[in-house]
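The values are calculated or read from the model by the stated rules, or taken from the named source; none is laboratory data. Note that the coordinates shown come from a computational prediction; the quantities given were computed from them, not determined experimentally. Cβ atoms come from the backbone with ideal geometry, glycine included; neighbour counts cover every protein chain shown. For the accessible areas, the whole protein counts, side chains as well, though only heavy atoms, and no ligand, DNA or RNA atoms are used. Shrake-Rupley method; radii C 1.70, N 1.55, O 1.52, S 1.80 Å.
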Amino acid sequence: MSDPAGAAAEAGVLTPERAELVARMAALGPKFAERAPTHDRDASFPHENWEDLAGAGFLGLCVPAHAGGLGADFVGYALVAEEMGRHCATTALTFNMHTATALLAGPIADALLAGGRGTALDPDGTMAAHLDATRPGLWEGMVYGRMIHSQPFSEGQAPGARSGFSTRAVPTDGGYLVTGRKIFASLSGAAHVHNVLALVDGDPRLRLLGVPAGADGVEIVGDWDPIGMRGTDSRTLVMDEVFVPAANEVLPPGMFNAMISGFPQFYMSLTFSYLGLMRAILDTTRTYLRGESGVKAARDHPIKQTGWAQLQLLYDRAQSLTYRVLGEIGADPTPQQLRRAHAATITTMESAPEMASLALRTCGGRSLLRPGRLEQHYRDARCGATMLPWSVEELLVRLGRNGLYDEAKRRS
């Protein structure tokens, strides 16, 4: 059976620094797994897990070490998220929303500004100056203030998260007045800051603005009672002329646009939570078949062994492809590298529910019962394929055109 750390080492993506971070996450994992059934049953946010993450410094996972953080890059985040998802996929999914902000403002922004691309993107240094002014406050809040960030993009009216935004920012003294609506706003009741994409009328540059959760004009509406990922608290965020200080403009105007074309692999950051969930399905099935979960061992039955073999194949395919993508992460991916990122996301998001369904069939009827974890894994796994902007539906459209047309200029 594939070992995540061993596979990561063989793929060349597990440095000693990343291995230490994964080990620290693994130490927290059993508590997360123990709490997961309660949060799934009650559709309640896992506040205790986030307290543990803060205590272990993980709110600053992708904050530079010189600013008090753990200094992880995109690959380091991916491996930590995978390990987290192995214990509680809901926590891993919400952690993605927090860490995405640090990734965009840190490693991804730096990658976009490096080399020749940076000269064209930021010829007069205004973007770099913006980051120099805003990042210290962002990092300090994450590391020392234990500030939790969300990053809701979906508005419920556009086919993807890269166009058609109706959220508007009106420049005013000292910042912006933001009006709009974001659906599936994970951490809606837990985040201190909601980082939303907005447009200023007459300006095509996207702005990533940190909306204070307690500001006048902010409201969380609706209920949250989904089939899976029930602890994410992804209700609807409504903003009505909310004042956002200039210091809360996470990225310089236009840098998010540059990310879309220059570092589109950012959009696969959700994938690693589901890869961890796939590992959890393996863990749970193995324990069940070996008779280590209070039922009679069934590992000697050839039909059970066949199911177990198929589960391993599904997991290893997804993991191997994803780790190959991690090994070539960087700005300005080649068309082939971007295709593999699309393929890895599709493979993981489609294989997770397939694995969960097969695991239920392999283990038998008792595995449908709570507090057994497989039925929860099945429901959680069903959610991944629909998540924008890189939903399976969207990526299949892209792969369906890949190589058949001259689309050299299409980067995302």
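Evaluation of Ala161 against the conditions (1) modelled with pLDDT of 95 or more; (2) open to solvent by less than 60 Å² (accessible area, probe 1.4 Å); (3) under 18 Å from the mean Cα position of the chain (by Cα) shows that the sole unmet condition is (1). Scanning segment 320-337 for residues that are outside any loop (DSSP other than H, G, I, E, B) and open to solvent by less than 40 Å² (accessible area, probe 1.4 Å), we see that the one that is farthest from Gln265 (Cα to Cα) is Tyr323. Scanning segment 254-277 turns up at least one residue that is open to solvent by 10 Å² or more (accessible area, probe 1.4 Å) and either in contact with a His (Cβ under 8 Å, 6 or more places away or on another chain) or within 25 Å of His47 (Cβ to Cβ) (or both). In segment 114-141, the qualifying residues are those that are assigned to a helix (DSSP H, G or I) and at pLDDT below 95, and the one that is least open to solvent (accessible area, probe 1.4 Å) is Gly118. If I filter segment 99-108 for residues that are at pLDDT 95 or above, over 19 Å from Ala56 (Cα atoms) and open to solvent by 10 Å² or more (accessible area, probe 1.4 Å), do I get at least one hit? Yes, some residue in segment 99-108 is at pLDDT 95 or above, over 19 Å from Ala56 (Cα atoms) and open to solvent by 10 Å² or more (accessible area, probe 1.4 Å). Evaluated against (1) basic (Lys, Arg); (2) open to solvent by 50 Å² or more (accessible area, probe 1.4 Å); (3) more than 27 Å from Asp132 (Cα to Cα); (4) touching a Leu at 6+ places or on another chain (Cβ under 7 Å), Arg235 falls short on exactly one condition, (4).
Filtering Ser367, Ser351 for residues that are among the hydroxyl-bearing types (Ser, Thr, Tyr), open to solvent by less than 60 Å² (accessible area, probe 1.4 Å) and under 19 Å from Glu82 (Cβ atoms) leaves a single hit, Ser351.
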